[in-house]
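The structure under discussion appears below in the form of structure tokens.
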Amino acid sequence: MECYIISTDFFIIPLLSAVWIMLPAYLPNPVAAVSGGGTPVDFRRNFTNGRRVFGDGKTWRGLVIGILAGVAIGIIQMWAAGAYGLGFLPHLTFPAVCLLATGALLGDIVKSFFKRRFNRERGAKWPVADQYDLVAGAFLLLLVFDSGWLFGEVTLPAFFFILILTPILHRAVNIIGFAIKVKEVPW
Ligand code: CTP
Ligand code: MG
């Protein structure tokens, strides 16, 4: 019984909380990959090293539709929490959901900026940065604009699971994206 309580409190709840918190941050990337195209965010401009500011992999359509998708799933989660009594999960709020979704894709764009500065082509592999850009972006925005929510709702064990889960899900989703020809490379 004691063991059961420990495993629920220290494993299952933080694991579910990690997924719950991150859904609005995880969804924008795959949605951007499916919906992206058209005008690039940098309007095809170059930066000082003669390379693109962000590159053709960052488009306005992907950015806007991706963020809207993240906010939409967050709103559905907020509704579901009330409808199904999911009070044991972190309490999502509209500002937090917006910051998670926006931060995820801003982190992705900032990563591409540095990728281009280090002369890496669009789609080139950049380990660690490729996996954690969305976590860094989402949590930085939360820290700056809603630190009360961040420290009130994201427990240390949940954050630990976010760090473990993110690269695993990132890899899995990208392999699927490559297999169904949404992504050009499996990373
Ligand atoms: N995408 C988009 N707009 C965004 C983010 C992504 O249109 N803001 C689309 C692009 O078609 C992109 C695909 O999603 O090619 C996959 O995203 P990602 O792997 O982040 O981009 P890469 O093409 O790998 O470019 P980079 O090297 O800059 O990361
Ligand atoms: Mg990429």
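The values are calculated or read from the model by the stated rules, or taken from the named source; none is laboratory data. Bear in mind the structure is a predicted one, so any value in this text is a computation, not a measurement. We place every Cβ from the backbone using ideal geometry, glycine too, and count neighbours over all the protein chains shown.
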Criterion (away from ligand 1 (no atom under 16 Å from the Cβ), at pLDDT 95 or above, part of a loop (DSSP other than H, G, I, E, B) and not basic (Lys, Arg)) met by exactly one of Leu92, Leu143: Leu92
Only one of (1) within 18 Å of the chain's Cα centre (by Cα); (2) under 23 Å from Pro40 (Cβ atoms) does not apply to Asn119, and that is (1)
Given the conditions (1) closer than 30 Å to Trp149 by Cα; (2) assigned to a helix (DSSP H, G or I); (3) in contact (Cβ under 8 Å) with a residue 40 or more places away in the chain; (4) not acidic (Asp, Glu), report the number of the one that Leu106 does not fulfil. (3)
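Take the residues in region 95-123 that are small (Gly, Ala, Ser) and surrounded by 15 or more Cβ atoms within 10 Å (Cβ to Cβ); name whichever of them is nearest to ligand 1 (Cβ to nearest atom). Break it down stepwise before answering.
Of all residues in region 95-123, those small (Gly, Ala, Ser) come to 96, 101, 103-104, 107, 112, 123.
Adding the requirement that they be surrounded by 15 or more Cβ atoms within 10 Å (Cβ to Cβ) leaves 96, 101, 103-104, 107, 112.
Details: Ala96: 21, Ala101: 12, Gly103: 13, Ala104: 10, Gly107: 10, Ser112: 3 Å.
The qualifying residue nearest to ligand 1 (Cβ to nearest atom) is Ser112.
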Hey, among Leu86, Leu63, which residue is more than 12 Å from ligand 1 (Cβ to nearest atom) and either closer than 28 Å to Val110 by Cα or out of contact with any helix residue (DSSP H, G or I) (no Cβ under 6 Å at 6 or more places or on another chain) (or both)? Leu86
Run Ser112 past the list (1) touching a Ser or Thr at 6+ places or on another chain (Cβ under 7 Å); (2) part of a helix (DSSP H, G or I) and report the number of the one that doesn't hold. (1)
Selection over region 148-187 where residues are within 16 Å of ligand 2 (Cβ to nearest atom), over 19 Å from Pro127 (Cβ atoms) and not in a loop (DSSP other than H, G, I, E, B) yields a count of 2
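For residues in region 38-89 being in a helix (DSSP H, G or I) and within 16 Å of ligand 2 (Cβ to nearest atom), which is surrounded by the most Cβ atoms within 10 Å (Cβ to Cβ)? Let's see the steps before the verdict.
The initial filter retains those residues of region 38-89 that are in a helix (DSSP H, G or I), namely 60-83.
From the residues that got through so far, the ones that are within 16 Å of ligand 2 (Cβ to nearest atom) too are 62-63, 66.
Working: Gly62: 24, Leu63: 21, Gly66: 26.
Here the residue is Gly66.
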